[in-house]
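In what follows, a single structure is set out as C-alpha cells and then discussed.
Read-outs: derived from the displayed coordinates by stated rules, not from any lab. Not measured: the values here are computed from a predicted model. Cβ sites come from the backbone with ideal geometry, for glycine too, and all protein chains shown count toward neighbours.
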Protein chains: 2
Amino acid sequence: MKFCSECAHPVSSQVPPDDNRVRFVCNNCGAIHYQNPKMVIGSIPVWERDGELRILLCKRAIEPQYGYWTLPAVFMENDETTGDAACRETLEEAGARIELHELFSLLNVPHVHQVHLFYRATLRDLDYAAGAESLEVGLFSETEIPWDEIAFPAVDITLRAFFADIKRVRQEGSQFRLHTQDVLKPMRSR
Amino acid sequence: MKFCSECAHPVSSQVPPDDNRVRFVCNNCGAIHYQNPKMVIGSIPVWERDGELRILLCKRAIEPQYGYWTLPAVFMENDETTGDAACRETLEEAGARIELHELFSLLNVPHVHQVHLFYRATLRDLDYAAGAESLEVGLFSETEIPWDEIAFPAVDITLRAFFADIKRVRQEGSQFRLHTQDVLKPMRSR
C-alpha cells in the first residue's frame, strides 16, 4: 500500500496512538488502513457407493500451484457465509452440487495471512465438470489420490486427517472431529 | 474506497474480466482491490471451583456497544494464528492468562462482513484486570450474567450454547461440540 484509499495522499508505516502494531497511516487525513487475514473456504466432496469412498479433486488451471491438485476452495467474499462460500466454489470450480455437513478442519497459515476452513460434504450426483479455474476434475479413492501432486499443505493435511477419521468413525462408530493445525511453511517453492 | 492504494488514481466499481462480482478497480493501473470478511476471535474464559462455574466478561469502554458486556474478542491480525489472537486479546482486554481449549463456536455475521470464532478456555488464575478497552471485568455464573446487556448476538449465542452444552457434558459424560450459526441481524441499534 502506497497511497490512502480515502484521500490519495501517501501513507507511511507507523504505530498509531493507542495501538502497538505498525499500520499504514495516511500522512494527510490520518486514516488508518488495517490489514487482516483472509479466509479460504473449501469442501471435501465425498461420493460413496458399494463401500468405496472417493473424493472430488480439481487440477488447478491458475497460479499459484498451476497443474497441482486441490480440494475446491476459495477466498470468502463479503455478504456470504462460510457455508455459502464452500457451496459456491464447489459449483464454480468443479461444477458440482453438494450437501454441506459440519466443519472438518481449520488451518492457520500465518505466513500468507490466511485461515483455511474445510467442510465435509456429499456430492448430490456425478454431474460435475471442470470450471474455468480447473484443468480437470476427478474422483479419487485414498490410494488413487496423487499425494505427491497436492497443491497446498492445508489440503494435504485435511485429506490425510479425513481418511484417518473415516476409518476411526467406521470402526468405532464415533463422530468426526474438528481438526485444527498451524501450517508454518509452504509445501513447495516453484 | 475512492482512490487506488497503488497509484493514487480514482477507482470505480465494476465487474472485472473473468469475474462475476463488482469490485473497486483502478481506472489507471487496473489494480483490483478485493474486500473480504474479517475474522473476530474470542475466548470463553472459565473459572470453576467447588462445582460453581463462572465466566469472565468485559464491559466495553469503546464503541460499538459502549457499556455493554462481551467475551474478550478482537479482529485477528496478520502474522498470528486464531489461537494467538484469542490469548492476546484475553490478556489485553481483561488482563487474564488462559489455557486455550478447542474451538466452540463459529458465527457468520454477513451483514457486517465478519466471521466470529470463540474458543473454550480456562483461567490460569484470578489475577485479571480491565484493560484499556474495558470499563470493568468480572466473573459471572449463568444466573449472574447480565443477559439484557450483552453487546453482540455472537456473544449471546455463544454464552447460551456454552451453558446448555456444559449441562449436557456433565449429565451425559459427552463431549463439547462445535456450534455454527448465521447471525442475520444486529442485536440492537443505538
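Label-to-label distance for B:Ser174 and A:Lys2 is 5.8 nm, based on points extended 7 Å past Cα in the beta-carbon direction. Between A:Arg160 and B:Lys167, the distance separating the two model label sites (each 7 Å from Cα on the Cα→Cβ line) works out to 4.2 nm.
Over the range B:125-179, the pair-distance histogram of Cα-Cα distances with 10 Å bins from zero comes to 19, 40, 34, 7, 0 percent, rounded to whole numbers. Pairs of alpha-carbon atoms within less than 8 angstrom and 6+ residues apart define the contacts here; what relative contact order does the range B:1-66 have, in percent? Contact order relative to length: 18 percent. Sorted from nearest, the other copies put their A:Ile166 label points 3.8 nm away, the label point being 7 Å from Cα in the direction of Cβ. Each of B:Leu126, A:Leu135, B:Leu91, B:Leu106 has some number of other Cβ atoms within 10 Å of its Cβ, and from fewest to most they run B:Leu126, A:Leu135, B:Leu91, B:Leu106. Fewest neighbouring Cβ atoms within 10 Å first, the residues B:Asp127, A:Asp50 line up as A:Asp50, B:Asp127. Here the protein assembly as shown carries DSSP beta bridges of which approximately 70% are antiparallel, counting only pairs with both residues inside. Here the simple spin-label model places points 7 Å from the Cα toward Cβ, and for B:Arg21 and A:Ala130 these points are separated by 2.5 nm. For chain B, the longest principal axis of the alpha carbon atoms and the long axis of helix B:153-172 meet at an angle near 40°. Each Lys or Arg adds one and each Asp or Glu takes one away; over the other residues whose Cβ falls under 13 Å from the Cβ of B:Arg97, this sums to -4. Classify the protein assembly as shown from the C-alpha gyration tensor, please: rounded if a/c falls under 1.5, else prolate or oblate depending on whether a/b exceeds b/c. The shape class here is oblate. Computed over the range B:94-172, relative contact order equals 28 percent, with contacts defined as Cα pairs under 8 Å that lie 6+ residues apart.
According to the Cα-based calculation, Rg over Rh for the range B:1-136 is 1.14, with Rh computed by the Kirkwood formula. Sorted largest first, the spans of the alpha carbon positions of the range B:60-190 along the three principal axes are 41, 36, 36 Å. Taking 18 Å as the cut-off, the amide N atoms of the range B:32-61 that come nearer than this to a point 7 Å along the Cα-to-beta-carbon line of B:Thr122 belong to B:43-56. Against the main long axis of the alpha-carbon atoms of chain B, helix B:82-94 sits at an angle near 70°. Considering only alpha-carbon pairs that sit under 8 angstrom and 6 or more positions apart, the relative contact order computed for chain A is 21 percent.
A helix-only calculation puts chain A at -6000 deg cm²/dmol for mean residue ellipticity at 222 nm, using -39500 (n - 2.57) for each DSSP H run of at least four residues, averaged over all residues. For a straight C-alpha distance cut-off of 19 angstrom, the aspartates and glutamates reachable from B:Lys185 (same-chain residues fewer than eight places away being disregarded) are A:Glu77, A:Asp79, A:Glu80, A:Asp84, B:Glu63, B:Asp148, B:Glu149, B:Asp156. Note on A:Trp147 and B:Asn78: with the Förster distance fixed at 22 Å, the Cβ-Cβ geometry gives a FRET efficiency of about 0.10. Judged by the ratio a/c of the largest to the smallest principal axis of the C-alpha gyration tensor, the range A:2-56 counts as prolate, that ratio being 1.5 or greater while a/b is larger than b/c.
Inter-copy label distances at A:Thr180, using a point 7 Å along Cα-to-Cβ, come to 1.6 nm with the shortest given first. Based on Cβ point charges of +1 for Lys and Arg and -1 for Asp and Glu, what charge dipole magnitude is obtained for the range B:105-168 about its Cα centre, in debye rounded to the nearest 20? Roughly 420 debye, rounded to the nearest 20. Here A:Gln14 yields copy-to-copy label distances, from shortest upward, of 3.5 nm, the label point defined as 7 Å from Cα along Cα to C-beta.
When Cβ neighbours within 10 Å are restricted to other protein chains, what is their mean count per residue of peptide B:24-35?
Per-residue shielding by partner chains comes out at 1.
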